[in-house]
Amino acid sequence: MAKKIAFHGHSTQTYAEVFQTFITAKTAEGVADITVRNYHNNLHVISKYLDINLPLGEITKRDIDNMIVGMRRDGLAHNSITTYVRIVRTFLNWCSAEGLSSLTIPNMKDKDTVKETYTDDELMFLLRRPDRDCDFTEYRNWVIVNFLLNSGCRAATVRNIQNRDVDLGARQITLRHNKNGKIQVIPLCSVMIGILREYMGIRGGGATSYLFCNQFGEMLTGNGLRLAIAHYNRSRGVQKTSTHLYRHTFARKFLIDCGGDAFMLQKLLGHSTLKMTKHYCEIYDADIAKNFDRISPLAQISRPREKIHRR
């Protein structure tokens, strides 16, 4: 029989009640809003596989194992399951630090997968400039797609950019809302500068107005941006609709087609460490052969040298 862990001093509190206290504590620590939403979503999902109304002290390792088995049986992707388990593990570690429970579970590792990206043919359709008589939202979506391919930003970061953050003279944008909580400055290419200069003249607004707003000048919601890009992509005949897919596309093209390096990619994507950047390098490793002649020392030294001929 699985050993049950005593819940010191609060035996009447359920898993769900303690988890809400955990969310409050993490919110007070200043974790990102999206992280808080992920915590709430986690509780909702695992409630289908774990009795969260049980006292925390009655939850055993076997209960967690059964939760994972249930998720696998329902066809949840391995990496989705690892995400749910990771949050449960974070919660239980917090409980341990608070003296509430000594139950611990091992970490689960994600499986490496080759991230799908937009193809060059799809990008040609997506980047085609809309007709001059299009409405503001289609024009804005076109600008956003161009910006995503210029920067590889996350959707939440894009939504939070304000007019004051854009410095066309310095050819850069300041990103104040990032997953790691740090302010980041990213460069703008010449094409993007021209697009933004025109767009900002049409968009108008004050210094603190959101750059990529809805048709009423208000901040786009997360769901609003997701639906806008999905509609825009489909209207261009592209069935892939993920906003985050542009981030993967940026990373792949930067590494493979543009010959960029991991350290620069880390800075552009705003990764705190090289861990995630190295992941991008590894999953796209199979494509390195495409332009290897350009960077191969053997190919470079073996190129025929041109002789100087007297005219």
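Throughout, read-outs are computed from the coordinates displayed, never taken from laboratory work. Only a predicted model underlies this, so the values are computations on that prediction, with no experimental measurement involved. Positions of Cβ are generated from backbone atoms using ideal geometry, with glycine treated the same way; all protein chains shown enter the neighbour counts.
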Item to check | Ranking of 47, 101, 190 by count of other Cβ atoms within 10 Å, fewest first | outcome: 190, 47, 101
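List, in the order given, every pair from 109/240; 111/253; 48/109; 61/109; 111/240 whose Cα-Cα distance in the structure shown is over 24 Å.
Working: 109/240 27 Å; 111/253 22 Å; 48/109 22 Å; 61/109 18 Å; 111/240 22 Å.
Beyond 24 Å between Cα atoms: 109/240.
Where nothing but the Cβ of Lys and Arg (+1) and of Asp and Glu (-1) is charged, how large is the charge dipole of the range 15-97 around its Cα centre, in debye to the nearest 20? Walk me through the numbers on the way to the answer.
Values: 9 positive and 8 negative charges, 56 e Å.
Approximately 280 debye in magnitude.
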Checklist entry - What is the spread of the Cα atoms of the range 15-97 along each of their three principal axes, largest first, in whole Å? => result 36, 27, 18
